[in-house]
1. Scan Ser310, Ser292 and give me the residue that is open to solvent by less than 60 Å² (accessible area, probe 1.4 Å), within 23 Å of the chain's Cα centre (by Cα) and polar (S, T, N, Q).
2. Got a number for residues in segment 46-73 being modelled with pLDDT of 95 or more, within 21 Å of Tyr120 (Cα to Cα) and in a loop (DSSP other than H, G, I, E, B)?
3. Determine the pairs where a residue that is among the hydrophobic types (A, V, I, L, M, F, W, C) and modelled with pLDDT under 90, located within segment 250-275, has a partner that is assigned to a helix (DSSP H, G or I) and open to solvent by 30 Å² or more (accessible area, probe 1.4 Å) with Cβ atoms under 7 Å apart, the partner being 6 or more residues away or on another chain.
4. Residue by residue through segment 145-166, note down the ones that are over 13 Å from Ile207 (Cβ atoms) and among the hydrophobic types (A, V, I, L, M, F, W, C).
5. Is at least one residue of segment 361-371 over 28 Å from Leu28 (Cβ atoms), buried (at least 20 other Cβ atoms within 10 Å of the Cβ) and touching a Ser or Thr at 6+ places or on another chain (Cβ under 7 Å)?
6. Restricting the search to segment 37-59, which residues are open to solvent by 10 Å² or more (accessible area, probe 1.4 Å) and within 22 Å of the chain's Cα centre (by Cα)?
7. With the requirement that a residue be of a type in the set (S, T, N, Q) and under 19 Å from the mean Cα position of the chain (by Cα), what does segment 110-134 give you?
8. What number of residues within segment 135-146 are buried (at least 18 other Cβ atoms within 10 Å of the Cβ) and either at pLDDT 90 or above or more than 19 Å from the chain's Cα centre (by Cα) (or both)?
Amino acid sequence: MSVLTLVLCSCVGLVAYTYIGYPALLMLVGAFRPRRKPAAPPAQWPMISIVVPAYNEEAQIRGLLDSLLALDYPADRRQIVVVSDASTDGTDRIVAEYADRGIELIRMPKRVGKTGAENYVRKMLRGEIVINTDASTRIDPAAVRALVAEFSDPTVGVASGRDVSVARADETLNVGESGYVGYEMWVRDLETRVSGIVGASGCLYAIRADLHRHLLPEALSRDFAAPLVAREAGKRAISVPNALCAVPRTSSLRREYRRKVRTFTRGMETLFFKRQLLNPFRYGVFAWMLWSHKVCRWLVPWAGVAAVVSLLFLAIEHAWARWALLPIAAAGALALAGWHWPEGRRAPRVLSIPAYFAAANIAVIEAWLRALRGELNPIWEPTRREALEGQAR
């Protein structure tokens with residue numbers, strides 16, 4: 001076997017393992033683990049603190065606050081705190097209107113970013129459990145009870161909600177994003193049965209207060225770090241399927257691309273900060289899951305580039321390599337057409353899915369370059385998502 005063929009097989013093997021082999025192994029291992037039973041409600045619901053970092057969210061914040069007040073959770077056992085990251089629009093004014101309904105507003109004197117705002121407010125929280133969410137999310141009324149009930153198990157340190165990718169009835173659908181979210185939630189369910197998830201949902205997750213007080217550098221991702229902090233403390237993070245939260249899709253693939261670059265960059269920096277968890281001799285199965293779910297996914301785009309380059313050289317002498325390049329070229333053409341599809345018009349699935357997949361993987365490459373250059377940027381303009389009004393699907 002030539003060196004080029006070996007490189008090609010290794011790259012294809014990495015991609016296959018990451019998206020197919022890893023979930024298959026989780027299913028195999030999980031088959032020998034007992035199924036998790038739904039958590040029973042505690043005799044007395046604990047005090048919780050719901051934290052909402054917000055920057056210029058006047059278009060979204062009222063809907064979120066109304067949904068938080070409608071949660072099926074005892075009103076005298078909850079604290080709701082909105083941390084305004086020095087907003088310059090009407091966010092603070094809208095939140096202040098809810099003061100007589102128990103919602104607290106804490107305004108940062110200057111912008112520090114989401115993690116910085118969470119760091120600032122963490123010692124002001126009175127709850128035993130901290131619920132983290134954001135302004136664009138809409139939470140099912142029963143979701144918080146479902147999350148909090150899981151903490152009756154003393155081994156649980158973090159409980160993550162189930163993201164449901166939705167769009168308004170009149171909005172252009174990003175089918176690729178919806179498919180990715182569904183796949184990710186499925187993998188988290190498998191991980192939960194085996195050992196525990198390696199990253200929580202930034203849209204909705206709960207964490208024990210003592211773990212939440214862990215100080216995190218402002219440029220890192222707290223929702224990714226939460227399960228890592230829990231594992232260091234000897235606890236696990238789980239995904240809770242019936243803790244539903246609606247997450248609006250971005251109608252623009254270009255916006256989604258920019259969001260992914262930021263998310264991946266922060267994720268890489270966060271994992272580097274907690275890199276000791278990658279040691280399989282110390283953290284066993286969790287380290288394997290962390291390598292498989294995160295590191296392997298971040299290596300897939302580089303493997304794809306190496307595979308295509310290998311095929312190009314092999315195609316000089318081998319007809320099979322030339323044939324193998326044809327579907328790759330066709331997928332690339334479809335992805336390019338999907339990327340340039342006019343905004344505001346619904347792209348067909350045959351274009352939107354390959355375009356989303358290609359954009360996500362190119363975003364990983366850009367994130368690698370930023371992370372290697374040490375471009376830490378805790379403050380940015382959040383990706384604006386359309387408010388979830390009217391019918392959603």
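1. None of the other options fit; the residue is Ser292.
2. The total comes to 1.
3. Qualifying pairs under 7 Å: Leu253/Trp339.
4. The answer is Ala146, Ala149, Val164, Val166.
5. yes
6. Pro53, Tyr55, Asn56, Glu57
7. The answer is Thr115, Asn132, Thr133.
8. 6
The values are calculated or read from the model by the stated rules, or taken from the named source; none is laboratory data. Because the structure is a prediction, the values reported are computed rather than measured. We place every Cβ from the backbone using ideal geometry, glycine too, and count neighbours over all the protein chains shown. Quick note on the areas: whole protein, heavy atoms, side chains included, nothing else; ligands and nucleic acids left out. Shrake-Rupley method; radii C 1.70, N 1.55, O 1.52, S 1.80 Å.
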